[in-house]
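Taking it in order: structure first as structure tokens, then the write-up.
The values are calculated or read from the model by the stated rules, or taken from the named source; none is laboratory data. Only a predicted model underlies this, so the values are computations on that prediction, with no experimental measurement involved. Please note: Cβ atoms are built from the backbone with ideal geometry, for glycine as well, and neighbour counts cover all protein chains shown.
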Amino acid sequence: MEQKQLKQFTFYDLYWDLIKQSDDSSAGRMVRNICQYMFTDDEVTEPQDDKENFFWSNIVDLLEEDKQIELSGKQPKNLNAKMRHFTFVDTYYKAIKLMTEAESGQYVKAICEYMFNDTERKLKSPVDAYFALAKRKLGLSRTRKKIGSVGGKQERIKVTDEQVETATKTECGVSFEEFMSMRPNVQNDLYASRQHLLNGIDWAWLDIGMDRQPQWKRCNSLYQLLTHYKEIVKDV
């Protein structure tokens, strides 16, 4: 059975921090080893000096962890949350294999500067041509990062009491304002990404259900109450 191979992997700014401290040839050897490690099962080239060996020893454990996660079909979310990154596809590796070590170094530096610093460096042939081909995919990746960043910020927007009141307004019964006045221990910790939890909420039923279940009577999180709403009001 043919072993599964990655078609892309997550390229972290940690790699860039080391690459930019290397001359073009050393940077080229490092990115080739990174790609070979992630895209193949071949042995990587031995580092040529103590500096290259030190740099490699600082990233090989991260490469291994990332490779196993991505081979399982998952996304390295915990790693991604801690470090800046972009998606490095096998097309870039195919280009790297067509270049010398120094050209490969110039190529990966251009990619990293474009993705991490939002700048472009002047390149000579043939590196400029290979980078021009890569820019379209890199541009798409950068756009997705910006959209994801905006989405993440929106998810952390708090829902105000007024917005909750409007979303759950009824002609009769207990209003959200009245519920909160009866439950001063409850804090509105609801974010925009969870606003759908307000659908179908009856504050009178929630109040009664909390009285009947001591563990929920002591709850001070509106988000937790809404998340477990059906459980709390099932016997009301």
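Considering the stretch 209-233, the residues that are closer than 18 Å to VAL174 by Cα and charged (D, E, K, R) include one that is modelled with the lowest pLDDT, namely LYS217. Exactly one residue among MET99, MET38 is out of contact with any His (no Cβ under 7 Å at 6 or more places or on another chain) and not in a helix (DSSP H, G or I), and that residue is MET99. Exactly one residue out of PHE116, PHE54 is assigned to a helix (DSSP H, G or I) and more than 19 Å from the chain's Cα centre (by Cα): that is PHE54. Listed by first and then second residue, the pairs linking a residue in the stretch 179-200 that is within 13 Å of GLN163 (Cβ to Cβ) and touching a residue at least 24 places away in the same chain (Cβ under 8 Å) to a residue that is surrounded by fewer than 13 Cβ atoms within 10 Å (Cβ to Cβ) and not polar (S, T, N, Q), with Cβ atoms under 7 Å apart and 6 or more places separating them unless they lie on different chains, are TYR191/GLU155; TYR191/ARG156; TYR191/ILE157; TYR191/LYS158; ALA192/GLU155; ALA192/ILE157. GLN48: more than 24 Å from LEU138 (Cβ to Cβ), of a type outside the set (Asp, Glu) and part of a loop (DSSP other than H, G, I, E, B), yes or no? Criteria met by GLN48.
Tell me whether the stretch 89-101 contains one or more residues that are in contact with a Gly (Cβ under 9 Å, 6 or more places away or on another chain), among the small types (Gly, Ala, Ser), under 20 Å from PHE131 (Cβ atoms) and in contact (Cβ under 8 Å) with a residue 12 or more places away in the chain. Scanning the stretch 89-101 turns up no residue that is in contact with a Gly (Cβ under 9 Å, 6 or more places away or on another chain), among the small types (Gly, Ala, Ser), under 20 Å from PHE131 (Cβ atoms) and in contact (Cβ under 8 Å) with a residue 12 or more places away in the chain. Of the residues in the stretch 157-180, at least one is at pLDDT below 80, within 30 Å of PHE116 (Cα to Cα) and touching a helix residue (DSSP H, G or I) at 6+ places or on another chain (Cβ under 6 Å). Looking at the stretch 60-68, is at least one residue in contact with a helix residue (DSSP H, G or I) (Cβ under 9 Å, 6 or more places away or on another chain), touching a residue at least 40 places away in the same chain (Cβ under 8 Å), surrounded by 12 or more Cβ atoms within 10 Å (Cβ to Cβ) and part of a loop (DSSP other than H, G, I, E, B)? No, because not a single residue in the stretch 60-68 is in contact with a helix residue (DSSP H, G or I) (Cβ under 9 Å, 6 or more places away or on another chain), touching a residue at least 40 places away in the same chain (Cβ under 8 Å), surrounded by 12 or more Cβ atoms within 10 Å (Cβ to Cβ) and part of a loop (DSSP other than H, G, I, E, B). Restricting attention to the stretch 97-110 and to residues that are crowded, with 22+ Cβ neighbours inside 10 Å and of a type in the set (A, V, I, L, M, F, W, C), the residue that is nearest to GLN36 (Cα to Cα) turns out to be VAL108. Of all the residues in the stretch 1-34, those that are under 22 Å from LYS137 (Cβ atoms), surrounded by fewer than 19 Cβ atoms within 10 Å (Cβ to Cβ) and of a type in the set (S, T, N, Q) number 2.
When the stretch 221-235 is filtered for residues that are assigned to a loop (DSSP other than H, G, I, E, B) and either exposed (fewer than 14 other Cβ atoms within 10 Å of the Cβ) or among the small types (Gly, Ala, Ser) (or both), the ones remaining, listed by number, are LYS234, ASP235.
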